Every structure is written in structure tokens, then in C-alpha cells.
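For reference, the structure is listed below as C-alpha cells.
The values are calculated or read from the model by the stated rules, or taken from the named source; none is laboratory data. Note that the structure is a prediction, hence the values are computed from the model and not measured. Note: ideal-geometry Cβ built from the backbone for every residue, glycine included; neighbour counts use all protein chains shown.
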Amino acid sequence: MEKLQSKIDELQLFEHITIVDHITRDIFYNDFVNKGKPVVIRNMTSDWNALNWDTEYFKSKENGIKVPIKMGKVKEGRREKMLLSTYIELLDKYEQDLKLGLNTEPLGYLHDIPFFYMFPEYLSDIAPFPKELFPKWYWPEWQNYIQFFMGATGSLTPLHFDTLLTNNLFFQVVGKKKFILIDINQKDDCYIEGWRWAKFDPQNPDYEEFPNAKGVKIMEAVLNPGDILYMPPGMLHQVHGLSKSISFNIDWHTPQSAKKGVGTLWKGAPRKNVYYNMLVYLGLRLRIPAKYIFPFYKSYLNYVS
Ligand SMILES: O=C(O)CCC(=O)C(=O)O
Ligand SMILES: [Fe+2]
């Protein structure tokens, strides 16, 4: 009987996203992480200076380091390097032209870069940081795991799940983004190509081409500055920039999710995934401090994107 109940729980599909104002570590783990359930947390970062980031501020801190910008479609991954200030100027011009109804060439997307590792001078702008939401193993070096996004109105990351089957805490800093979310249990109806990208587009569903997707339950969350979205491992997400937007995520494991991640070798995951998941699993389980693991893990931050 117990077994049957746990099977039913496993198959339960979440149809809406809980929204809370603030969350404690215990509630976060008991009600969301341990249940594989998403949540939006509205008010834990509302004191950050980063919520007021503007063009002038970035220019005042320019240090000559170039950042890789994804040109064309995110999935194709062609990158061009440019100064952050150059990209921001292009971004502002793009948004101005859009408002004026001028024909604008598509703009590149600063997508998945380890920004605070490259530019630690911005770290004080995201304090106080709610590191208590992460496993303790991450606490001494949480900033190393941040991947950063800056893009224009209309930016799009197609439907996918995060490759290592990590948990994801996504922080919206400037502007708005819309997340379309689909439970991991419905992955097989989303026409996954390769390991993690879906062919099905939940924003413009084509049920003739993808008939199995008809029953797929779609959830939506619009994030505003100061919002955090938690996505459990394997949750499919498609992400739309509703305005100029700055945001970042941290992909992180619990011992349980890292162990499952290692097991994905037998489910078609790239071999490198097993390497990264194994590293974190060893760190978490054998309590090897993150500072000894990170040098081996660091290349993941370029691999993921
Ligand atoms: O913000 C985006 O465009 C993509 C975000 C994403 O896929 C992630 O945080 O894993
Ligand atoms: Fe993602």
C-alpha cells in the first residue's frame, strides 16, 4: 500500500506554482526541494543594490575584460566576444529602436557566463545573499556557481532541462522574464532531441506535429526584479525575456540529486555529465570542501552553455 502511495506521489503533476513572500530553510527543503516542486519567492532579495543596476553603473566599472555573447539562436551556441559596455550600449539602442517601432536586427544574448567569478567587484550588489537556501557544502563559495544572463526584449531560451539534473535557483534582477515550466514526468511527451532540448514549443504548440504533447500540463511564472524561482531537477523550462533583463542562476545538487545525476550515464547523458556529477557527489557525501572540488568542476561553467 505504501509503495502504491509513493508511486502515486511520484506521478503527481504540479499544476500551479506556489508563490511565497519569504521562506525558511526548513520549509524550502520540506515542502519544495524534497517534493520536487517549484516555488517563486518574492521578497528575499529586495534590498539588493543590483536591482538598481543601470548602464552608467556598468560603464563606471568597466575593466576591459571581454564577455562572450551568444549570437543567433541560443541552441546553436555561436559566440562573439565584446566589452560589457559595448554590449550594454547595443542593448539600450536595441530597446530604444524597438520602442520607436524601427526594424531591429536581432541582438546577441549574454547567456550563461560566470559573471561574479569574472567580475567579483559586483558581488557587494547582491548582498545579503540567501545562501541558507543551498546545502552547506556550497556556503563558502556560492558565488563561484553563478551563471549570468543579460538580454533584450524577446530573448528566448527554448524548452530544455538543465543538463546535470541539478536543482536551479534563478534570481531575477532587472526587468521581467516569463518561465514556461513542465514537470519532469512529462518529458517523454515533449519530443526531446539529443539529451536535453525539446522539439515541442509550448508557446506555439503544434499538436499535429507533436500529438503526444496534447496532454502536457504547462505552468507559467512571470518573474519581476527581486523574485527567485526554484526549479527541481529535470523540470523543463522555456524562458522568454519580456523586457531588457538581467538575471542569474545557481545550479546545485543535494547528495540525492547528484547520485541520480551520476546514474544518467545509462540514460543517454553525455559522459562529461557523469564526471561533473560525480565530483559534486564526492564533495557532498565525503564532505570534501568545495574549494578542493571546484578547480575540477570549473570547466562546467563553460560547458553548460
Ligand atoms: O534565462 C534564460 O534565458 C535561461 C535560463 C535557464 O535556462 C536556466 O536558468 O537554467
Ligand atoms: Fe536551463
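Within the range 138-159, the set of residues being within 16 Å of ligand 2 (Cβ to nearest atom) and touching a helix residue (DSSP H, G or I) at 6+ places or on another chain (Cβ under 8 Å) comprises Tyr145, Ile146, Gln147, Phe148, Met150, Gly151.
Might you check whether a residue that is within 16 Å of ligand 2 (Cβ to nearest atom), closer than 26 Å to Phe148 by Cα and touching a Leu at 6+ places or on another chain (Cβ under 7 Å) occurs anywhere in the range 205-219? Checking the range 205-219: at least one residue is within 16 Å of ligand 2 (Cβ to nearest atom), closer than 26 Å to Phe148 by Cα and touching a Leu at 6+ places or on another chain (Cβ under 7 Å). No other residue among Pro106, Pro135, Pro128, Pro120 is modelled with pLDDT under 95, more than 16 Å from ligand 2 (Cβ to nearest atom), over 15 Å from the mean Cα position of the chain (by Cα) and within 30 Å of Pro233 (Cβ to Cβ) apart from Pro120. The number of residues in the range 97-128 being touching a residue at least 24 places away in the same chain (Cβ under 8 Å) and not in a loop (DSSP other than H, G, I, E, B) comes to 15. Considering only residues in the range 282-298 that are loosely packed, with under 12 Cβ neighbours inside 10 Å and basic (Lys, Arg), the one that is nearest to Gln147 (Cα to Cα) turns out to be Lys291. When the criteria are applied in full, Lys260 meets the requirement of being more than 16 Å from ligand 2 (Cβ to nearest atom) and at pLDDT 95 or above.
Could you pull out the residue among Pro255, Pro233, Pro270 that is at pLDDT 95 or above and either more than 13 Å from ligand 1 (Cβ to nearest atom) or closer than 30 Å to Lys99 by Cβ (or both)? Pro255 is the lone residue from the list that is at pLDDT 95 or above and either more than 13 Å from ligand 1 (Cβ to nearest atom) or closer than 30 Å to Lys99 by Cβ (or both).
Scanning the range 40-79 for residues that are surrounded by fewer than 18 Cβ atoms within 10 Å (Cβ to Cβ), on the phi < 0 side of the Ramachandran plot and small (Gly, Ala, Ser) turns up Ser46, Ser60. Restricted to the range 9-96, the set of strands (runs of 3 or more DSSP E) holding at least 2 residues that are touching a Pro at 6+ places or on another chain (Cβ under 9 Å) comprises 78-83.
Checking each residue in the range 160-201 for being within 14 Å of ligand 2 (Cβ to nearest atom), of a type in the set (S, T, N, Q) and in contact with a helix residue (DSSP H, G or I) (Cβ under 7 Å, 6 or more places away or on another chain) picks out Thr163, Thr166, Asn167. The residue that is farthest from Tyr145 (Cα to Cα), counting only those in the range 160-174 that are in a strand (DSSP E or B) and more than 11 Å from ligand 1 (Cβ to nearest atom), is Val174.
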